[in-house]
1. So which residues in region 89-116 are in contact with a Gly (Cβ under 8 Å, 6 or more places away or on another chain), assigned to a loop (DSSP other than H, G, I, E, B) and surrounded by fewer than 22 Cβ atoms within 10 Å (Cβ to Cβ)?
2. Among (1) crowded, with 21+ Cβ neighbours inside 10 Å; (2) outside any loop (DSSP other than H, G, I, E, B); (3) at pLDDT below 95, where does Thr121 come up short?
3. Quick test of your reading of the structure: Glu11 fulfils all but one of (1) without any contact (Cβ under 8 Å) to a residue 24 or more places away in the chain; (2) under 22 Å from Gln137 (Cβ atoms); (3) touching a Pro at 6+ places or on another chain (Cβ under 9 Å). Name the failing condition by number.
4. Could you tell me whether Gly76 is surrounded by fewer than 19 Cβ atoms within 10 Å (Cβ to Cβ), part of a loop (DSSP other than H, G, I, E, B) and at positive phi?
5. Have a look at Met198, Met161, Met134 and point out the one that is out of contact with any Leu (no Cβ under 8 Å at 6 or more places or on another chain), assigned to a helix (DSSP H, G or I), of a type in the set (A, V, I, L, M, F, W, C) and farther than 26 Å from Arg36 by Cα.
6. What's the total number of residues in region 201-234 that are small (Gly, Ala, Ser) and assigned to a loop (DSSP other than H, G, I, E, B)?
7. Being out of contact with any strand residue (DSSP E or B) (no Cβ under 9 Å at 6 or more places or on another chain) and either loosely packed, with under 15 Cβ neighbours inside 10 Å or farther than 21 Å from Met173 by Cα (or both) narrows it down to one residue among Arg52, Arg25; which is it?
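The values are calculated or read from the model by the stated rules, or taken from the named source; none is laboratory data. The structure displayed is predicted, hence computed values, not measured ones. Here the Cβ positions follow ideal geometry from the backbone for every residue, glycine too, while neighbour counts run over all protein chains shown.
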Amino acid sequence: MTDIKSMFPAELEVFVKELGEPKFRAKQLYEWIHRRHAASFDEMTNLPKQLREKLSENASLCVLQPVTVQVSRLDGTRKYLFRLPDGNCIESVFMRYHHGNSVCISSQAGCRMGCRFCASTIGGLSRSLTAGEMLGQIYRITEETGERVSNVVIMGSGEPMDNYDNIVRFIRMISGEEGMNLSQRNITVSTCGIVPKMREFAEEGLQVTLALSLHAADDETRKELMPIANRYTIKEALDACAYYFEKTGRRVSYEYSLVAGVNDTPEEADRLIRLLRHRNGHVNLIPVNPVTERNYRESAPAAVQRFKNQLEKNGINVTIRREMGRDIDGACGQLRRRYAEDPQSVSPGETVEK
């Protein structure tokens with residue numbers, strides 16, 4: 001079955017013509033999928049019945065089904081566990097900010113990067129998501145909440161640069177005027193630092209924000225936290241960030257998860273200052289979410305503030321990420337992991353306030 005949700009308009013025109021239909025039907029079909037978020041071909045009432053039957057026989061329209069939705073009592077953050085057509089599950093998060101609504105989506109079911117503080121990677125990688133499945137997360141949340149999404153963050157389960165072609169296709173589709181027409185400047189792509197793909201990404205002519213999961217200021221500490229550091233040094237990753245800035249003019253964000261006693265000390269802050277002082281970018285400090293299967297614990301609030309102050313005093317642009325949904329399965333991959341181990345622990349098809 002052909003995955004038409006992942007098709008560009010021109011590709012959809014070819015597909016429709018191959019079905020023996022005039023190409024203007026492709027525009028109608030694209031609008032039903034990407035603007036009206038149709039859940040079935042039967043909903044597409046301005047298409048001839050014969051065409052709808054052909055589509056049902058020859059094409060798939062991936063619509064994600066929520067297994068459960070957790071709603072934070074603290075800030076209204078909504079965490080979704082979606083089931084894909086093949087049975088794999090992924091997570092997405094809807095967050096309300098003063099500047100608009102943001103959705104954090106997954107790019108893979110699971111992950112093979114092995115970062116020590118992340119629950120998404122514990123079970124390994126099941127498979128990469130298609131562009132349509134990434135779009136589907138946003139469409140389903142938009143329909144469920146009835147609210148517009150103004151920012152998209154690709155920081156959920158998976159490593160975007162390990163699913164490169166589908167990520168680029170997704171970005172071009174969601175920012176296309178035929179679909180959501182979301183500004184590329186409102187899209188952030190996070191990577192653990194697959195250097196060749198970061199450099200390739202710089203050549204795409206996109207205007208998205210690139211976020212590097214840095215998490216340490218020296219290679220040895222980073223190797224403890226992130227296996228990718230055994231392949232690419234911090235210098236190589238930062239040079240790729242500089243290349244991205246050179247090609248796009250977009251300032252890079254450096255993600256830094258603070259782990260108590262590991263990378264949150266004044267000495268580590270000094271190393272980070274020396275590393276980033278003359279680079280274009282912004283440091284985003286993230287108090288790490290505790291993961292049951294790991295020994296890492298979040299830094300104390302005082303340690304986080306001290307780290308931030310130390311960077312600021314030395315001219316580093318830095319913020320502490322606002323913690324959203326701390327009373328639900330906040331850490332990336334936790335809800336999916338819990339469901340995989342014990343499906344009965346997750347209320348099926350219900351909204352659960354925690």
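1. Scanning region 89-116 gives a single hit, Arg112.
2. It fails just one condition, (2).
3. (3)
4. yes
5. Exactly one residue qualifies, and that residue is Met161.
6. 3
7. Arg52
Results for (1) in the same structural domain as Glu255 (by TED's automatic domain parsing); (2) of a type outside the set (A, V, I, L, M), shown as yes or no for each residue.
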residue	(1), (2)
Lys54	no, yes
Leu74	yes, no
Lys79	yes, yes
Ile90	yes, no
Arg96	yes, yes
Gln108	yes, yes
Gly123	yes, yes
